[in-house]
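Read the figures in this text as sums done on the coordinates, not as results from a lab. None of the values given here were measured: they were computed from a predicted structure. So basically every Cβ, Gly included, is an ideal-geometry build from the backbone, and we count neighbours across all protein chains shown.
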Amino acid sequence: MSRLARLLSRFLVSSAIFSAASARAEEKAGGDYEKLGFDRLAAFSFNAPQVAPKDPAETAKGNEQIPEAIRAFDTKKVAVTGFMLPVKMEEGLVKEFLLVKDPMMCCYGVMPKINEWIVVKMTGKGVQPLMDIPITFYGKLRVGQMFESGYLTGIYLLEGDRMGEVKG
């Protein structure tokens with residue numbers, strides 16, 4: 001084997017080892033959180049009721065619109081990236097917010113569909129307000145219709161553990 005072939009072989013082996021180590025590091029960075037994106041969360045139609053159903057069976061029927069593959073994430077630890085739209089602040093930190101698919105939603109343009117936002121309630125003190133840049137949040141996801149004062153407020157709730165990487 002020529003010297004060039006040996007060097008090339010060592011380079012390829014080193015590259016493969018580095019790639020595997022990088023992949024393991026990325027997995028550890030997320031811990032036991034599964035990456036979940038709006039590409040999956042918003043990939044179906046949902047017909048929202050005008051008001052909260054009085055019959056629990058009707059609420060269950062509404063939840064059936066959510067694909068089983070998405071309902072399977074209920075109570076699972078996930079990491080979701082989106083754009084923060086603060087709703088509730090305490091002592092300069094955001095405690096509750098909407099995590100939206102696109103920065104052009106809500107404030108700047110198109111009203112998002114019900115499956116294009118996640119209601120996030122941070123545990124602990126809250127997080128720094130950062131808008132207009134993509135941010136990853138980690139926590140336990142709840143999937144199903146949520147009603148407040150008789151109105152549907154969302155189908156996703158993230159009990160936020162922590163804020164992760166800022167992508168912008």
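Structure values in brief
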read-out	value
Filtered chymotrypsin sites (Phe, Trp or Tyr not before Pro), segment 95-168: DSSP coil and at most 14 other beta carbons within 10 Å	Y108
Charge context of K101, other residues only, Cβ under 10 angstrom, K/R +1, D/E -1	-2
Least to most buried among K113, K35, K54 (fewest other Cβ within 10 Å first)	K54, K35, K113
Length-normalised contact order of segment 32-166 in % [C-alpha pairs under 8 Å, at least 6 apart]	28 percent
Exposure proxy ranking, count of Cβ atoms within 10 Å, fewest first, for R142, R162	R162, R142
Ranked F44, F73, criterion: other C-beta atoms within 10 Å, fewest first	F44, F73
Cross-link pairs K61/K88; K77/K113; K101/K167; K76/K113 - those with Cα-Cα distance over 19 Å	K61/K88; K77/K113; K76/K113
